[in-house]
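Okay, structure first, notes after.
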Amino acid sequence: MAKIIRSLSAKKPGVPSAPKKPAKKAAKAPPKPAKKSAKPKSLKPKPWTPAEIHEAFSRFRKANPEPKGELEHLNPYTLLVAVVLSAQATDAGVNKATRALFAVADTPERMLELGEEKVREYIKTIGLYRNKARNVIALSEKLIAEFGGEVPRTRAEIESLPGAGRKTANVVLNMAYGEHTMAVDTHVFRVGNRTGLAPGNTPLEVELGLEKVIPSEFMLHAHHWLILHGRYTCLARKPRCEVCLINDLCHWPEKTV
């Protein structure tokens, strides 16, 4: 009987196995986005060659052989006062106020006789006039007490005067005493950086850079040429590259010509 049962079970058709599902293909990973190329770093303008610098200042000299500062003054003392008053003010605004002031007070002694209150009245159209009037009186007192009423001839001594800083000292030394100093105001700072002539993060860096590269034969008038160039041509918002004397030499990458 056991044999019959085994025989029958052997003949019984087997249950068909479920068809194997085809193996799923591994899903392709989405393509990686292409790496953005790093933004090119802004390259610093190449340094000017000595020949380029000589050519630039030769052109400035040819166009304006004897440039003059625009602050009106009568002597070293009134120049000093005018420069102190010009901080955060225009030369034109200072001149308008000092014409009448210097007519009555062109020496430290006369300025002290006038007194702080009257000085304020003369310069009240200039920004920060109260503090500036105080400085004019204080520096006049110090000139009399320590320098015999004369404007000193060294940068350190001028910087020791109330209201006077390095730029003031450089202007006075250059214009009053013919020293080869470089006064860096906002115009010179802009021109030095924009053109690549003397890049720097501070006025002092630009000053030292310009003194290093400008030939001695141009240094007496160099700061005036650069100030005037920045004031009337290399303007802050819209440089007038089309009329620039040195547009072919300038290393500014955004110049329009």
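The values are calculated or read from the model by the stated rules, or taken from the named source; none is laboratory data. None of these values were measured; they are calculated from a predicted model. With ideal geometry, Cβ positions are generated from the backbone for all residues, glycine too; neighbour counts draw on all protein chains shown. Each accessible area value is taken on the protein alone, full model and side chains, heavy atoms only, with ligands, DNA and RNA left out. Shrake-Rupley method; radii C 1.70, N 1.55, O 1.52, S 1.80 Å.
Which one of the conditions (1) open to solvent by 90 Å² or more (accessible area, probe 1.4 Å); (2) within 30 Å of residue 249 (Cβ to Cβ); (3) at pLDDT 95 or above does residue 65 fail to meet, given that it meets all the rest?
(1)
Does residue 242 satisfy the condition of being among the acidic types (Asp, Glu), closer than 20 Å to residue 62 by Cα and open to solvent by 20 Å² or more (accessible area, probe 1.4 Å)? Spell out the reasoning first.
Numbers: among the acidic types (Asp, Glu): yes; closer than 20 Å to residue 62 by Cα: yes; open to solvent by 20 Å² or more (accessible area, probe 1.4 Å): yes.
Yes; evaluated as a whole, the condition is true for this residue.
If a residue has to be out of contact with any helix residue (DSSP H, G or I) (no Cβ under 6 Å at 6 or more places or on another chain) and within 18 Å of residue 70 (Cβ to Cβ) to count, how many in the stretch 176-196 make the cut?
Looking only at the stretch 176-196, we keep the residues that are out of contact with any helix residue (DSSP H, G or I) (no Cβ under 6 Å at 6 or more places or on another chain), and these are 177-178, 185-186, 193-196.
Then keep just the ones that are within 18 Å of residue 70 (Cβ to Cβ); that gives 185-186.
Number of matching residues: 2.
This table checks each residue for (1) within 25 Å of residue 233 (Cβ to Cβ); (2) at pLDDT 95 or above; (3) touching a His at 6+ places or on another chain (Cβ under 9 Å); (4) surrounded by 10 or more Cβ atoms within 10 Å (Cβ to Cβ).
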site	(1), (2), (3), (4)
35	no, no, no, no
49	yes, yes, no, yes
58	yes, yes, no, yes
78	no, yes, no, yes
84	no, yes, no, yes
98	no, yes, yes, yes
108	no, yes, no, yes
113	no, yes, no, yes
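Okay, residues lined up against (1) modelled with pLDDT under 95; (2) open to solvent by 60 Å² or more (accessible area, probe 1.4 Å); (3) outside any loop (DSSP other than H, G, I, E, B):
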residue: 184; (1), (2), (3): no, no, no
residue: 199; (1), (2), (3): no, yes, no
residue: 225; (1), (2), (3): no, no, yes
residue: 249; (1), (2), (3): no, no, no
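Every residue in the stretch 115-133 that is in contact (Cβ under 8 Å) with a residue 24 or more places away in the chain, open to solvent by less than 50 Å² (accessible area, probe 1.4 Å) and among the hydrophobic types (A, V, I, L, M, F, W, C), please.
Within the stretch 115-133, 123, 126 qualify.
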